[in-house]
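Written below as structure tokens is the structure these notes are about.
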Amino acid sequence: MKKLSKEQRESLFKDYLSGMNIKNIGEKYNLSPVYIRHLCSAYQIKRFQSRREEVKKIILENNWQNKPVRTLSSMLKADRDMINKILSEIKENDYTVLRNNEENQDAEALWNTFAELSGKYKNSIESEKSDVIKFHRNKIIGIAFISDAHIGNDGCNYKKMKEDAEIVANTPNLYAVLGGDLMDNHILIQEAMMASNTSPKMQWKLLKYYIDIFRQKILVAISGNHEFWTKRVSGLDLLENYFQGLKILYGTHSFLLRIEFQNGYKTVIKIRHKYRYNSMDNLTHTVKKMLKEGRDDFDVGIVAHHHQAEITKFVYKNKERIAIRTGSYLLYDTYAEREGFENSTNNMPSIIINPFTKKIDYFWDIKDVAEVLKLYNKNGG
Ligand SMILES: [Fe+2]
């Protein structure tokens with residue numbers, strides 16, 4: 001492309017401003033019309049900008065920023081759009097907002113305090129609890145998984161509850177693990193509170209009476225969603241204080257219990273009140289997912305809450321496992337009836353752990369496991 005001298009460029013722009021045809025300009029300077037258009041439009045922008053600066057300078061020097069746009073436009077021979085833009089620039093540059101950043105400093109201090117606190121809160125309050133119970137001698141033991149009694153509910157089967165607790169108390173080597181929702185505690189659901197014949201206070205009294213029957217045989221307890229409602233509204237986990245006072249191991253949402261015997265046999269039991277991946281057609285699916293996708297390896301997994309018992313033996317990573325859904329002590333369940341769920345099953349699945357054969361077997365209900373344990377006990381098990 002031919003390069004023009006400064007003088008030639010000025011002469012070209014003069015021709016352009018005089019209205020000379022682009023084609024003729026091209027012939028005069030031996031340039032293509034496209035290049036001439038490009039040169040001239042850049043020149044127009046530059047000219048417009050320098051004109052704008054000149055107009056702005058005049059307005060500021062004469063302090064005319066409060067004059068009407070129309071007047072300024074005619075006085076300065078500039079279009080109204082240009083005047084408007086200049087006036088808004090002048091307005092923006094007229095003052096500076098100095099932000100009070102005291103508030104920001106406070107927020108930062110607050111942020112740092114909570115960042116530190118939140119880590120401590122997670123570690124100390126709701127992390128999963130895990131402990132080891134080591135039996136002093138090798139013996140065959142049974143464990144009953146009891147949950148969802150819903151003390152205070154009109155449909156609660158108090159008779160069977162007490163009978164089962166007495167079986168555990170009176171059967172040597174039979175223990176219990178409690179899976180939550182032992183009481184209704186409807187403190188978050190006003191309609192249920194109104195319909196209930198019992199208050200949470202009365203339910204607490206009944207719960208303590210029930211626990212007292214077999215408290216020496218309870219290895220672990222966790223909270224259900226019904227007991228957890230108290231913590232949700234008050235921050236206080238009443239069951240935690242209560243069970244720890246009785247020297248019963250306690251976890252808020254779940255517990256990983258490791259059991260060891262003198263001969264070195266070890267087994268792991270994981271219990272949660274609720275878990276994800278629930279299937280109405282395959283109740284133990286959630287337990288299997290808890291093993292495959294959860295953070296813990298276990299031999300026996302228990303998930304409560306659903307009120308319908310199911311027990312399955314399955315193999316995962318070349319090892320036999322047992323998946324359990326617990327039953328409930330509700331004889332009839334108005335919630336299940338209303339929502340179209342199956343009625344509760346009134347059984348509490350149980351297991352027998354044999355450290356001699358290193359095997360675990362399962363039973364449908366507490367009375368079944370007690371009968372078998374009695375036979376083992378007779379034979380010096
Ligand atoms: Fe529940």
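Values in this text are rule-based calculations from the coordinates and carry no lab data. Because the structure is predicted, anything quoted here is derived from the model rather than measured. Note that we place each Cβ from the backbone using ideal geometry, even for glycine, and neighbour counts take in every protein chain shown.
A few remarks follow.
- Spin-label pair Asp281-Lys266: with each label point 7 Å from Cα along the Cα-Cβ axis, the two points sit 3.9 nm from one another.
- Of the cross-linked pairs Lys217/Lys313; Lys139/Lys319; Lys162/Lys274; Lys201/Lys292; Lys201/Lys270; Lys231/Lys313, those separated by over 32 Å at the C-alpha level are Lys201/Lys292; Lys231/Lys313.
- You can think of it this way: the chain between Leu4 and Met20 has 3.9 nm of extra reach, that is 0.36 nm per residue less the Cα-Cα gap.
- Between the C-alpha center of region 314-381 and that of region 23-86 there is a gap of 90 Å.
- Tensor-based shape of the chain (alpha-carbon gyration tensor, a/c under 1.5 rounded, otherwise prolate or oblate): prolate
- Peptides 63-76, 178-191 ordered by average Cβ neighbours within 10 Å, highest first: 178-191, 63-76
- Region 1-90 - convex hull of alpha carbons, volume per residue in Å³: 117 Å³
- Summarising the label geometry, the points placed 7 Å from Cα in the beta-carbon direction at Phe314 and Glu371 lie 2.9 nm from one another.
- Helical segments meeting 20 Å axial Cα length and Kyte-Doolittle -0.5 threshold in the chain (DSSP H): 200-214
- Computing FRET efficiency as 1/(1 + (r/R0)^6) for Leu236 and Arg258, where r is the C-beta to C-beta distance and R0 is 30 Å, gives about 0.55.
- Contour excess over end-to-end distance, with Cα ends at Ser32 and Thr334 and 0.36 nm allotted per residue: 99.7 nm
- Taking other Cβ atoms within 10 Å as a rough exposure proxy, Thr267, Thr113 sort from fewest to most as Thr113, Thr267.
- Sites Thr357 and Asn170 - FRET efficiency at Förster radius 35 Å, r taken between beta-carbons, to 0.05: 0.85
- Positive minus negative residues near Glu320 (Lys, Arg vs Asp, Glu; Cβ under 11 Å): +4
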